[in-house]
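The values are calculated or read from the model by the stated rules, or taken from the named source; none is laboratory data. The structure displayed is predicted, hence computed values, not measured ones. Heads up, the Cβs are rebuilt from the backbone with ideal geometry, glycines too, and the neighbour counts pull from every protein chain shown.
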C-alpha cells in the first residue's frame with residue numbers, strides 16, 4: 001500500500017510521452033539531489049520495513065494457529081473420551097484417528113499465515129481502490145466492472161470445493177480406518193492369509209478418494225482460470241478506455257494519470273487473484289472444521305466427566321436388576337435382555353451362564369453403566385445408579401475383561417490403571433493374588 005502511494009506521488013515523473021517533449025535530466029554530479037534517487041531510497045526503506053513487519057505478521061499468525069489447533073486437538077480428544085459407549089458402537093475408531101490428524105491439520109492450514117496474507121491483500125486492495133477513485137474515478141469504475149464476475153465465480157466454485165473437500169476427507173478417513181484395523185489385527189490377517197484381500201479393500205478406498213480429489217482439483221483450477229481470465233480481460237478494457245479518455249481530451253486525464261490509475265486498480269485486482277488460493281484453503285478448513293466441531297459439540301447421554309450425581313460414602317455392594325430390558329443402539333430391533341430381574345447380595349459370588357448373545361456381558365456393562373437400560377432400572381444399595389456420579393461410581397469397580405489390553409507403558413502403570421492413588425505395596429499384593437508376581441519378577445529390569 002505504501003508503494004502505491006509513492007507511485008502516485010511521483011507519477012508525473014513517468015511521463016515518457018507528451019507534455020510538449022519535456023525530457024528528464026539526470027545530473028551525475030548531483031545524484032543525491034535527484035528526485036529519482038530519493039524515490040529509490042524510499043522504496044529501499046519500504047522494502048526493509050515490509051520485511052520486518054512481514055516476519056512479525058506471519059510468525060504471529062503461525063504461532064496463533066499452532067496454539068488454536070492444539071486446543072482443538074485437546075477438546076476433540078476430550079469430547080471423544082467423554083462419549084458414552086453406545087456412540088462408539090456406531091462409530092469407526094480408525095476414522096476418528098484420521099480426523100484427529102488430517103482434518104485438524106487442514107484447519108491449521110486455513111487459520112495460519114493464510115489469514116495474514118488475506119488481510120494484507122484486502123488492505124492493498126482498499127488503498128489501491130481509494131487512490132484510483134481519487135485520481136480518475138471514471139477509469140476506476142470501468143476497470144472494476146469485471147469485479148462482480150470474479151466474486152460470482154468465487155462464490156460458485158467455493159461451494160463446489162467445500163462439497164468435494166468434505167467428501168474427500170470422509171473417504172480418506174475410511175481408508176485410514178481400514179489401515180488401522182488391519183495393522184491392529186495383523187496376526188489374524190497373516191494367519192488367515194488375507195493380505196491380498198485387505199490390500200484390495202484399502203486400495204478401493206484410495207480409488208474413491210482419488211476420484212473425489214480429481215474432481216476437487218478440477219473445480220479449484222477452473223476457479224483460478226476464471227479469475228485470471230477476468231483479470232486479463234480487465235487489463236485490455238482499462239487500456240482501451242484509458243486511451244479513449246486521453247484522445248477525447250477528457251480533463252485531468254493524461255498519460256501519467258491513466259498509468260497511475262491503471263497500475264493502482266490493476267494492482268488491487270491482482271491481489272484479489274492472489275487471495276484466491278487462500279479462499280480455497282478456507283473452504284477446505286471449513287469442511288474439516290464442520291466434522292471436528294460436530295463431535296466436540298456433541299453432548300453424551302452418560303458423561304464420565306460430569307460433576308453431577310450423588311456420591312455414596314460407602315458402597316456395600318447389594319445389586320438388583322428390576323425388570324430390565326435392553327437392546328444395543330446399533331441394533332435396536334434385537335432385544336438382548338427382556339424383563340431381567342436379579343438380586344445379588346454383598347459378598348456373594350455369582351456366575352451368569354448362557355450361550356453367546358444371551359446377555360451375560362451386557363448385564364455387566366449395564367451394571368458398570370456403560371449403557372442405560374431401555375426399561376426398568378438397576379440399583380446398588382437401593383440407589384438407582386442413574387442418580388449416582390458416574391466417575392465416583394465406576395471407581396469402585398474391578399473388572400477383568402474377556403480380552404485384556406496392555407498399554408504401552410510399564411507393568412506397574414498397567415496394574416494401577418484407573419487407581420492412580422494406590423501404593424507399590426498394593427500393586428504387589430494385587431499381582432500376587434492374580435498369580436502374576438513370579439513371572440513379572442523374572443522380567444529383566
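When residues in segment 330-376 are screened for being closer than 19 Å to residue 304 by Cα and part of a loop (DSSP other than H, G, I, E, B), 6 of them pass. Being touching a residue at least 60 places away in the same chain (Cβ under 8 Å) and closer than 30 Å to residue 168 by Cα is a description that applies to residue 291. The one condition from (1) within 43 Å of the chain's Cα centre (by Cα); (2) within 25 Å of residue 320 (Cβ to Cβ) that residue 342 does not meet is (1). When 177, 191, 154 are screened for being out of contact with any strand residue (DSSP E or B) (no Cβ under 7 Å at 6 or more places or on another chain), farther than 30 Å from residue 228 by Cβ and touching a residue at least 24 places away in the same chain (Cβ under 8 Å), only 177 passes. In segment 43-65, the count of residues that are closer than 30 Å to residue 205 by Cβ, at pLDDT 80 or above and assigned by TED's automatic domain parsing to the domain that holds residue 162 is one or more. Tell me, please, whether a residue that is within 30 Å of residue 239 (Cβ to Cβ) and touching a helix residue (DSSP H, G or I) at 6+ places or on another chain (Cβ under 8 Å) can be found in segment 96-118. Looking through segment 96-118, at least one residue is within 30 Å of residue 239 (Cβ to Cβ) and touching a helix residue (DSSP H, G or I) at 6+ places or on another chain (Cβ under 8 Å). Of all residues in segment 303-322, those that are assigned to a loop (DSSP other than H, G, I, E, B) and closer than 22 Å to residue 345 by Cα total 8. One residue alone among 376, 347, 357, 382 is on the phi > 0 side of the Ramachandran plot and surrounded by 14 or more Cβ atoms within 10 Å (Cβ to Cβ), and that residue is 376. In this entry, residue 68 is excluded by the filter for residues that are more than 18 Å from residue 114 (Cα to Cα) and surrounded by 13 or more Cβ atoms within 10 Å (Cβ to Cβ).
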